[in-house]
Amino acid sequence: MDGEQERILALRTLLTRLFEEYHVLDAPSVSDAEYDALMRELVALEARHPEMGDEHSPSRRVGARAAGKFQPVQHDPPLLSLQNAMDADDLREFDRRVRKDAGGAEVAYVVEPKIDGLTVVLRYEDGELRQGATRGDGSVGEDVTQNVRVIASVPRRLRGAHPGAFEVRGEIYMPRPAFEALNAARAAAGEAPFANPRNAAAGSLRQMDPGVTAGRALELFCYEVRRGGVPGTQSDALALLAQAGLPVNPIRRHCASIDEVIAETERFAALRDELPYATDGLVVKLEDLQLAQSLGATQKAPRSAIAYKFPAEEAATELLGIEVQVGRTGALTPTAILRPVRLAGTTVQRASLHNEDLIAQRDIRIGDTVRVRKAGEIIPEVIGVIADDEHYLRPAYEFPSVCPICGGEAVRREGEAARRCVNTACPAQLREWLIHIGGRGALDVDGLGPRTVDLLLAHGLVQQPEDLFRLREEDLAQLPRFGEKSAAKLAAGLAAARTRPPARILFALGVPHVGERAAELLVERFGSLPAIGQAGQEELSDVPGVGPVIAQSVYRFFHGAVGERLLGSLAQLGFVLGGEAPRGHLDGPLAGEVVVFTGTLSVPRQEAQQRSRALGARVESDITRRTTLVVAGEAAGSKLARADSLGIRVLSEAEFGALMATERERN
Ligand code: IVH
């Protein structure tokens, strides 16, 4: 059996389980979109492998089997489902077929929100509610009459005269606020929350005790007259339902063409989140019901309507492998290699696995079916595994302890999420570092893209970042496929890069955790890169917006061989690493003082720290042997004792204030 055939069997087992979870247990472990994606994968594989045909395959199933706790109800005619459109092209294709079947003329549509609830059929006799049934598998549903009777928006009696049988189709749903409140209550009671409003509605309606249903805030929207009225158009049908006192969704639109329908899908996508109920798409229906009737139906769905599904934000697919890349700071980052899957309108083949811990915590193994999510513009990410029978037979994933590029040791420092290659000569790190240096927020080197970086590295022209700035135009012009023009452009780009301000140079150094903002804050506070390199860890972390993690990283960098070397060579190469320290820092009246504040002060501590820094003090948060002055506010405790034991000068806040005032005057 080949890989695809094995995958067919695995998908059938998985989808059968997911189907039971969803339709029988009302407790799915995956989203509808993930289920749909797995089903599409199975259908596509089965089409490629007709020899694997099986009439019991989940792909052949139309709807849910009734769970068996309620009396069966025969649906006549059966309740069909809808074909799906995933994008505007699918809608145009649908329209083309409809017009062809209808004889070529333009046709009008009604567009309605597709409510994420569950179908019910309500039968009224002589205006009285007689039966409520779920859809079941379309032919046989469940009798839930006692339960629909307790739903406030289901009328017991129709308005107006309705002699004989009147049967309607609609959707029972749970409004979002009720859904959230129900889940919160369940969580508080230690019960499993419902996965989505549809499951909450289904679980609430299919209760043996109608009292439970009554407490669940269910609502109804009707959209089809099945018996007892012969509306000419879908708009008439909705009007008829409303006249009879049945709740009808006020949101709907008559569209004169498929272009209008497509415009409506875009408009509705923006409105959707504002609605107090969940929708998973729009239903596009032929306005002319007679025409709809004459178009007929396939086994599963009418030809006259289609469900436009909003792009899925989650999907499920097979994890084919894990690729570990090495970033510019040496961090090893795992990327999932996926069996291609449609997600939010694009095909996804790679997704972030974040870090070593995520893989271990979620026990993600190669060969597993994983859940992938894409939110907004963010890179897709793996969020977990859908466990199948074979999960535990697959070997657990072992994160590499050596760099996959240079083979050097990959070390995980305490408190860090990433394992890092510690070989400072690692070619992968150098490559990423050079690309980073050329990037926008860093030195913005015109002409230094990834391809040029690869070329420079391949020809051994750059062994360390500063080599870039020693390149001569004539050397560059010798590079294969790198004409004089490119050489001149890169040389000019490199020359211009030397004039970038110190904060951007600091950012370009690629110190782990130091982003553009932190680089600016540090330069603002210390004035120059050499001054940052000399600062103590505490002093660094005292900078508002910097904090201990960045401080430690900066300290390590400038006290390591690479940092020290770079400071020297950049200065030699003509980079301006900073100007004067901010006024007062190195030469202020409190210059030389290392101050620690303790206890409660009359002004915010940050303000006191800032004021003393402006007068030249170095402010630290812990008392060390370096500390020269402790300012003790109210209720100062252990630090005061420590200052005493080390014989450090201690001032009250008032004394310190006076000292600052006199120092200021003296200067
Ligand atoms: S019309 C022949 N209109 O979507 C099918 N269905 O995927 C006629 N649904 O089973 C269905 N809102 O449960 C229709 N405004 C709406 C709907 C709607 C939700 C559900 C319905 C159906 C499913 C099809």
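Just so it is clear, none of the values below were taken in a lab; they were calculated from the coordinates. No experiment lies behind these values; they were computed from the predicted model shown. When we count neighbours, we look across all protein chains shown, and the Cβ atoms used for this are built from the backbone with ideal geometry, even at glycine.
Figures for the structure shown
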{"quantity": "Condition check for Ile151: outside any helix (DSSP H, G or I), within 34 Å of the chain's Cα centre (by Cα) and either under 29 Å from Thr298 (Cβ atoms) or more than 12 Å from the ligand (Cβ to nearest atom) (or both)", "calculated": "no"}
{"quantity": "Residues satisfying the stated conditions in region 273-305, i.e. within 12 Å of the ligand (Cβ to nearest atom), in a strand (DSSP E or B) and either of a type in the set (A, V, I, L, M, F, W, C) or closer than 14 Å to Arg99 by Cα (or both)", "calculated": "Leu282, Val283, Val284, Lys285, Leu286, Ala297, Ala305"}
{"quantity": "Yes/no for Ala269 being out of contact with any strand residue (DSSP E or B) (no Cβ under 7 Å at 6 or more places or on another chain), small (Gly, Ala, Ser) and more than 13 Å from the ligand (Cβ to nearest atom)", "calculated": "yes"}
{"quantity": "Test: residue in region 30-50 that is in contact with a His (Cβ under 7 Å, 6 or more places away or on another chain) and within 16 Å of the ligand (Cβ to nearest atom)", "calculated": "no"}
{"quantity": "Test: residue in region 451-473 that is under 25 Å from Asn355 (Cβ atoms) and surrounded by fewer than 19 Cβ atoms within 10 Å (Cβ to Cβ)", "calculated": "no"}
{"quantity": "Of the criteria (1) away from the ligand (no atom under 14 Å from the Cβ); (2) in a helix (DSSP H, G or I); (3) touching a residue at least 24 places away in the same chain (Cβ under 8 Å); (4) of a type in the set (A, V, I, L, M), which one Ala187 fails", "calculated": "(3)"}
{"quantity": "Single condition Gly160 does not satisfy, out of (1) buried (at least 18 other Cβ atoms within 10 Å of the Cβ); (2) part of a loop (DSSP other than H, G, I, E, B)", "calculated": "(1)"}
{"quantity": "Filtered residue count, region 223-250, keeping only those that are small (Gly, Ala, Ser), in contact with a strand residue (DSSP E or B) (Cβ under 6 Å, 6 or more places away or on another chain) and either more than 15 Å from the ligand (Cβ to nearest atom) or assigned to a loop (DSSP other than H, G, I, E, B) (or both)", "calculated": "1"}
{"quantity": "Considering residues of region 125-150 that are aliphatic (A, V, I, L, M) and surrounded by 21 or more Cβ atoms within 10 Å (Cβ to Cβ) only, the residue nearest to Arg206 (Cα to Cα)", "calculated": "Val144"}
{"quantity": "Residues located in region 508-523, provided they are in contact with a helix residue (DSSP H, G or I) (Cβ under 8 Å, 6 or more places away or on another chain), part of a helix (DSSP H, G or I) and surrounded by fewer than 21 Cβ atoms within 10 Å (Cβ to Cβ)", "calculated": "Glu516, Glu520"}
{"quantity": "Test result for Val283, over 30 Å from Pro175 (Cα atoms), surrounded by 14 or more Cβ atoms within 10 Å (Cβ to Cβ) and in contact with a strand residue (DSSP E or B) (Cβ under 7 Å, 6 or more places away or on another chain)", "calculated": "no"}
{"quantity": "Enumerated strands (runs of 3 or more DSSP E) restricted to region 533-644, each holding at least 3 residues that are among the aliphatic types (A, V, I, L, M)", "calculated": "594-598, 629-632"}
{"quantity": "Residues of region 98-117 satisfying the condition of being more than 16 Å from Ile262 (Cα to Cα) and assigned to a loop (DSSP other than H, G, I, E, B)", "calculated": "Ala102, Gly103, Gly104, Ala105, Asp116, Gly117"}
{"quantity": "Looking only at region 122-139, and only at residues there that are assigned to a loop (DSSP other than H, G, I, E, B) and under 43 Å from the mean Cα position of the chain (by Cα), the one that is farthest from the ligand (Cβ to nearest atom)", "calculated": "Ser139"}
{"quantity": "Residues within region 23-38 that are touching a helix residue (DSSP H, G or I) at 6+ places or on another chain (Cβ under 7 Å) and over 17 Å from Val385 (Cα atoms), tallied", "calculated": "1"}
{"quantity": "Selection count where residues are away from the ligand (no atom under 16 Å from the Cβ) and either surrounded by fewer than 14 Cβ atoms within 10 Å (Cβ to Cβ) or assigned to a loop (DSSP other than H, G, I, E, B) (or both), scope region 251-262", "calculated": "3"}
